1. All but one of (1) within 14 Å of chain A (Cβ to nearest Cβ); (2) in contact with a Gly (Cβ under 9 Å, 6 or more places away or on another chain) hold for B:P109; state the number of the condition that does not hold.
2. In region B:74-96, which residue that is aliphatic (A, V, I, L, M) and more than 10 Å from every other protein chain (Cβ to nearest Cβ) is surrounded by the fewest Cβ atoms within 10 Å (Cβ to Cβ)?
3. Of all residues in region A:351-373, count the ones that are crowded, with 18+ Cβ neighbours inside 10 Å and over 20 Å from the mean Cα position of the chain (by Cα).
4. List the number of the failed condition for A:K109; all other conditions in (1) surrounded by fewer than 17 Cβ atoms within 10 Å (Cβ to Cβ); (2) over 23 Å from A:Y212 (Cα atoms); (3) under 18 Å from the mean Cα position of the chain (by Cα); (4) not aromatic (F, W, Y) hold.
5. Note down all Cβ pairs under 6 Å where the first residue falls in region A:170-195 and is closer than 20 Å to A:R224 by Cβ, the second is of a type in the set (D, E, K, R) and part of a loop (DSSP other than H, G, I, E, B), and they're at least six residues apart or on different chains.
6. When you scan region A:272-305, how many residues do you find that are over 23 Å from A:L400 (Cα atoms) and either in a strand (DSSP E or B) or touching a Lys or Arg at 6+ places or on another chain (Cβ under 7 Å) (or both)?
7. Residues being charged (D, E, K, R) and in a strand (DSSP E or B): count how many of those fall in region A:83-126.
8. Name every residue in region A:374-400 that is among the hydrophobic types (A, V, I, L, M, F, W, C) and surrounded by fewer than 20 Cβ atoms within 10 Å (Cβ to Cβ), in order of residue number.
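The values are calculated or read from the model by the stated rules, or taken from the named source; none is laboratory data. Bear in mind the structure is a predicted one, so any value in this text is a computation, not a measurement. Positions of Cβ are backbone-derived with ideal geometry, glycine not excepted, and every protein chain shown enters the neighbour counts.
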Amino acid sequence: MSGEINLPIYMDYASTTPVDPRVAKKISDHLTLDGNFGNPASRSHKFGWKAEEAVEEARSHVANLVNCDPREIVWTSGATEADNLAIKGIANFYQQNGKHIITSKIEHKAVLDPCRQLERDGFEVTYLEPNEGGLITPEAVLSAIREDTILISIMHINNELGTINDLGSIGKIAREKGIFFHVDAAQSTGKIAIDLNSLPVDLMSFSAHKTYGPKGIGALFVRRKPRVRIEAQIHGGGHERGMRSGTLPTHQIVGMGEAFRIAKEEMESDKLRIQSLHSKFYESISQIEEIYVNGDVDNKVSNILNISFAYVEGESLIMALKDIAVSSGSACTSASLEPSYVLRALGRKDELASSSIRFSFGRFTTEEDVDYTLTLINHAVDRLRELSPLWEMYLDGIDLDTVDWQTH
Amino acid sequence: MAYSKKVVDKFENTINEPAKYNVGRFDPKEMNVGTGMVGAPACGDVMKLQIKCESKGNTHVIKDVKFKTYGCGSAIASSSELVDMLIGKTLEEAKEIKNIDIVEALELPPIKIHCSVLAEDSIKQAIEDYEQKQ
């Protein structure tokens with residue numbers, strides 16, 4: 001079986017995706033002297049005009065995928081910058097209206113860290129708890145709203161769990177209360193349909209590299225009707241209607257445009273294929289004793305599956321699965337020695353949080369990849385449990401919560 | 001992960017050939033068995049070490065060792081390394097084993113020193129348990 005398979009197997013698409021070869025071709029057409037290399041801001045010659053044309057075409061592809069006006073798309077260096085621009089941009093522009101922001105504990109750091117920065121600047125931030133299934137409920141949002149709330153920032157799909165928040169209901173509440181609503185949608189594009197024409201969302205962040213585009217490019221949707229204004233965070237040249245200065249990287253922009261064009265075209269077929277891989281994977285892995293799926297299985301995308309393998313520690317599991325590239329909420333993989341803050345927010349015990357693995361599939365995942373991964377997981381979990389004193393105690397019927405552990 | 005080849009090899013050998021690498025258990029009630037269990041699930045590692053001794057007068061020699069470890073790769077490698085150091089030693093000699101011996105043998109990165117400390121604690125506790133039974 002391994003004869004046909006390239007090892008290690010990439011099961012970490014939620015962290016980044018390879019660039020689609022069609023996208024790579026488009027990028028390379030916009031770099032060299034014989035390509036479309038000009039500065040899109042150059043008004044005085046054909047090189048500039050052609051580059052501008054390519055940038056605008058790409059903008060339309062991005063807008064098409066999420067059903068908005070191309071003029072509502074602002075290029076950024078990625079979703080992190082888009083999140084920063086949205087959150088700080090709204091906070092800075094509208095601070096005379098209030099200094100309270102609502103977000104959640106399971107946001108990406110690209111949302112949490114700008115919020116922390118605003119707290120240092122005198123803003124107050126409420127960090128909502130998710131429910132057990134990893135979802136932020138509209139009720140939780142509603143109950144956190146104050147007179148001085150100016151912004152709600154809630155992610156669409158959680159990057160660790162794959163859970164999907166109800167943007168329609170949260171946005172409706174925000175609209176009724178006259179509060180701006182920002183959504184980090186880095187994980188969404190090409191996975192589920194987004195219709196900004198009907199969704200009550202004011203700002204939305206996108207990333208190219210999670211959707212088979214290049215790294216280093218993203219976009220922020222800034223609604224025109226009703227108009228949303230933001231204060232620029234990067235100044236110099238007034239590009240992107242003053243919202244984000246800096247020479248536009250034509251090659252990356254056309255890469256993102258092409259990636260999003262393909263995403264629109266192939267979303268349905270990609271989705272069906274990945275759903276069937278997910279079913280196969282999920283059914284098989286459910287046969288393993290004492291595993292826990294993290295996040296609401298009925299409210300998640302099928303390209304991400306986060307599982308805790310009880311009585312096995314996450315980092316050792318990743319080491320035992322060296323032929324599979326996955327990511328872990330484990331303590332030891334990061335320098336901070338902290339279990340995943342997302343899993344802890346769900347109320348998972350530390351030991352379950354640190355025995356979690358995130359598997360994420362994508363466009364180039366094959367059925368053989370899934371089969372091989374399942375074989376390796378079964379083997380590794382068996383071996384590590386044979387080695388685990390906790391598994392032995394579990395089999396002996398000992399309740400681990402009653403043991404007087406010697407913490408160190 | 002900044003692990004040395006030694007940690008990786010030790011880890012892989014241990015999980016691939018558990019019997020050869022002394023993974024297992026003795027009956028803790030046996031009089032010639034000493035058991036030590038240290039760490040906590042919430043901290044990410046638990047080591048259980050058991051020694052089986054033979055006594056000649058006042059000298060007790062470690063004849064066999066079994067262990068089980070829940071923890072990161074270096075925790076598993078550290079306990080497996082410790083097992084190698086113990087077999088054939090007298091209890092007096094085993095008491096002399098320090099965590100730094102394991103650090104050096106496996107070239108543990110600084111962030112993983114606590115794994116070796118845990119291993120040292122596990123043998124101390126196993127010896128204590130054994131001596132109480134005598």
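1. Condition not satisfied by B:P109: (2).
2. Initially, region B:74-96 is screened for residues aliphatic (A, V, I, L, M), giving B:75-77, B:82-83, B:85-87, B:91, B:94.
Retained after the next criterion (residues that are more than 10 Å from every other protein chain (Cβ to nearest Cβ)): B:82-83, B:85-87, B:91, B:94.
Details: B:L82: 26, B:V83: 22, B:M85: 18, B:L86: 21, B:I87: 15, B:L91: 21, B:A94: 23.
Out of the qualifying residues, it is B:I87.
3. The initial filter retains those residues of region A:351-373 that are crowded, with 18+ Cβ neighbours inside 10 Å, namely A:351-363, A:365, A:369-370, A:372-373.
Pick out the ones that are also over 20 Å from the mean Cα position of the chain (by Cα) and you get A:351-352, A:354-355, A:369-370, A:372-373.
Total satisfying the criteria: 8.
4. Exception for A:K109: condition (2).
5. A:F180/A:D202; A:F181/A:D202
6. Residues meeting the conditions: 5.
7. Kept after step one, since they are charged (D, E, K, R), are these residues of region A:83-126: A:83, A:88, A:99, A:105, A:107, A:109, A:113, A:116, A:119-121, A:124.
Within this subset, residues satisfying the condition of being in a strand (DSSP E or B) are A:124.
The qualifying residues number 1.
8. Quick first cut of region A:374-400, residues among the hydrophobic types (A, V, I, L, M, F, W, C) only: A:374, A:376-377, A:380-381, A:384, A:387, A:390-391, A:393, A:395, A:398, A:400.
Matches in region A:374-400: A:L374, A:L376, A:L395, A:I398, A:L400.
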